[in-house]
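> One structure, pasted below without further comment.
The values are calculated or read from the model by the stated rules, or taken from the named source; none is laboratory data. In this text, all values refer to a predicted model and were calculated from it rather than measured experimentally. We place every Cβ from the backbone using ideal geometry, glycine too, and count neighbours over all the protein chains shown. For the accessible areas, the whole protein counts, side chains as well, though only heavy atoms, and no ligand, DNA or RNA atoms are used. Shrake-Rupley method; radii C 1.70, N 1.55, O 1.52, S 1.80 Å.
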Amino acid sequence: MRVFDTPARFVVSSRRVNPSNRVDLSVQVGALRLTNPIIAASGTFGYGLEFSHLVNLNRLGGFVTKGISLQPIDGAPAPRLCDTPSGMLNAVGLQNVGVEAFVKDKLPLLRKYNTHVIVNVFGVCQEDYVGVIQRLEDADGIAAYELNISCPNVKKGGMQFGSDPALVEEVVGAARKAAQKRPLWVKLMPLVTDIGLIGKTAEQAGADALTVANTFPAMAIDFRTQKSVLGNLTGGLSGPAIKPITLRLVWEVSKAVSIPVIGLGGVETVSDVLDYISVGASAVQVGTASFSDPKASEAIVKGLHKGLNVLKLFTFNELMGKFSKENG
């Protein structure tokens, strides 16, 4: 454990100014000014409401809702989660109430919180993405959209939107035209030939920021039964095990684009946050850590002052991309 992985504790006296008072934790992600770089990730934080009795949502930089589709989806069969060494496999199947119920039942409750609510959007064809965004455009209380382009395009033989630059250009471009009122973030899939090219394509098609990256396709079996441990045959791998890989992906994407990059993968400590920001991330998302500790995102926020103080920095801008500037 590195020195700034635990929350800071300072003693304030009349003779000495607490250095944390001079630290500015805010970060800029495109048009959004976040009070700090910690965002709870989609798929691990429900609609946000489920965590509101455990986490002070107002202390977070923001949170991303679970993916919202045009119609309700029941999701994958149980079991949906299983532990792996240094991580977790999930096959939730994008269960959600659908955009109409989200706008009617969930969003009104989210408006009372003073933090950025980012809505994750997905579909199985381009029209689905556009339809969800068009419905959300008429609703208040949303700060931005996050496009999940790891879904299969049923009109193109099941090829995932995010795997091909041409498909990325099409779906992001269509979503950009629909999203007139709010920033559009695009969540990239990790297993592509050139993630820098995919990121650049998304930027040129109208993305305002990029989330890097989604979970890694993986599986776990029981050799005794010759069956999958999950209800599905495969799932998505997340957690500390993938952090070194996604750290490299964030580094590559941040060098290829001029828009903000949000790092996602294995963030559990302040050290992880500082690593991602060093390679070019403007902010990070906390995902799997919320399963083992629902208060993980808020706990990291509490340690940010100490993290910057140890480095003798007052803002995250001083650290952002420093590794790339010094190492290429």
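> In terms of the Cα gyration tensor, with a ≥ b ≥ c the square roots of its eigenvalues, is the stretch 162-305 rounded because a/c is under 1.5, prolate because a/b exceeds b/c, or oblate?
Verdict is oblate for the stretch 162-305.
> Enter the accessible area per residue of the chain (Å², integer; probe 1.4 Å; all protein chains in place).
Accessible area per residue: 44 Å².
> What's the FRET efficiency of S258 with N114 using the Cβ-Cβ distance as r and R₀ = 22 Å, to the nearest 0.05?
0.15
> Then there is this: With percent of Cα pairs over 33 Å apart as the read-out, I listed (i) 15; (ii) 33; (iii) 22; which label goes with the value calculated from this structure?
Derived directly from the coordinates: (iii).
> Sticking with this one: Find the relative contact order for the chain and round it to a whole percent, using C-alpha pairs within less than 8 Å whose residues are 6+ positions apart.
22 percent
> Expected output is a single nm value to one decimal: the length gained when fully extending between V154 and A220, i.e. 0.36 nm times separation in residues minus the C-alpha distance. What is it?
21.1 nm is the gain from fully extending V154 to A220.
> In addition: Counting only protein heavy atoms and a 1.4 Å probe, tell me what percentage of the stretch 36-172's accessible area is made up of carbon and sulfur.
Here carbon and sulfur together make up 52 percent of the probe-accessible area.
> Then there is this: When the accessible area of the stretch 228-304 is split by element with a 1.4 Å probe, what percent falls to carbon and sulfur?
57 percent
> Can you list the HN-Hα couplings for the stretch 23-30, worked out from phi with the Karplus curve (6.51, -1.76, 1.60; θ = phi - 60°), rounded to whole Hz and with x for Gly and Pro?
Ordered by residue, 3J(HN,Hα) equals 7, 10, 7, 5, 9, 10, 10, x Hz.
> Enumerate the amide H contacts of T211 below 5 Å, restricted to partners 5 or more residues apart or on another chain; note that Pro and chain-start residues carry no placed amide H.
V186, K187, L188, I262
> Mind checking the alpha-carbon convex hull of the stretch 42-93 and giving the volume per residue in Å³?
Convex hull of Cα atoms, per residue: 115 Å³.
> Helix-only estimate, please: 222 nm mean residue ellipticity of the chain, summing -39500 (n - 2.57) across DSSP H runs of length 4 or more and dividing by its residues, to the nearest 500.
The helix-only estimate for the chain comes to -8000 deg cm²/dmol at 222 nm.
> Let me ask another. Which distance in nm do the two modelled labels at L191 and K177 give, with both placed 7 Å along the Cα-to-Cβ direction?
It is 3.2 nm.
> Could you go through the stretch 56-67 in sequence order and give the Karplus-derived ³J(HN,Hα) for each residue, using 6.51 cos²θ - 1.76 cosθ + 1.60 with θ = phi - 60°, rounded to whole Hz, and x for Gly and Pro?
7, 4, 5, 7, 7, x, x, 8, 9, 5, 4, x
> Right, here's the next one. Rounded, prolate or oblate: pick one for the stretch 36-178, where a ≥ b ≥ c are the square roots of the eigenvalues of its C-alpha gyration tensor, a/c under 1.5 means rounded, and failing that, prolate if a/b is larger than b/c, else oblate.
Oblate, since a/c reaches 1.5 and b/c is not below a/b.
> Which residues' amide hydrogens lie under 5 Å from the amide hydrogen of N56, considering only partners 5 or more residues apart or on another chain, with H built in the peptide plane?
Distant-sequence amide H within range of N56: zero hits.
> By how many nm would the segment from S86 to K312 lengthen if fully extended, with 0.36 nm per residue of separation less the alpha-carbon distance?
Length gained, S86 through K312: 78.2 nm.
> Which of the peptides 137-145, 68-76, 270-278 is most tightly packed, and how do the rest follow, judged by the mean count of other Cβ atoms within 10 Å per residue?
The peptides rank, most packed first, as 270-278, 68-76, 137-145.
> Which residue, L89, V261, M219, has the largest displacement toward the positive end of the dipole of the chain when charges sit on each Cβ (Lys, Arg +1; Asp, Glu -1)?
Comparing the listed Cα positions along the dipole, V261 ranks first.
> While we're on this one: Anyone know which of G162, G87, G67 comes out most mobile in the 10 Å Cα GNM of the chain?
G87
> May I pose another question? Taking amide H positions as placed in the peptide plane 1.01 Å from N, state which residues far from V286 in sequence (5 or more) or on other chains have amide H under 5 Å from it.
Under 5 Å from the amide H of V286 lie the amide H atoms of I39, A40, A41, each far enough along the sequence or on another chain.
> Using the Karplus curve 6.51 cos²θ - 1.76 cosθ + 1.60 with θ = phi - 60°, what ³J(HN,Hα) values do you get for each residue of the stretch 89-106, in whole Hz, with x for Gly and Pro?
With the stated coefficients, the stretch 89-106 comes to 9, 9, 9, 6, x, 6, 4, 6, 7, x, 5, 5, 5, 4, 5, 7, 9, 9 Hz.
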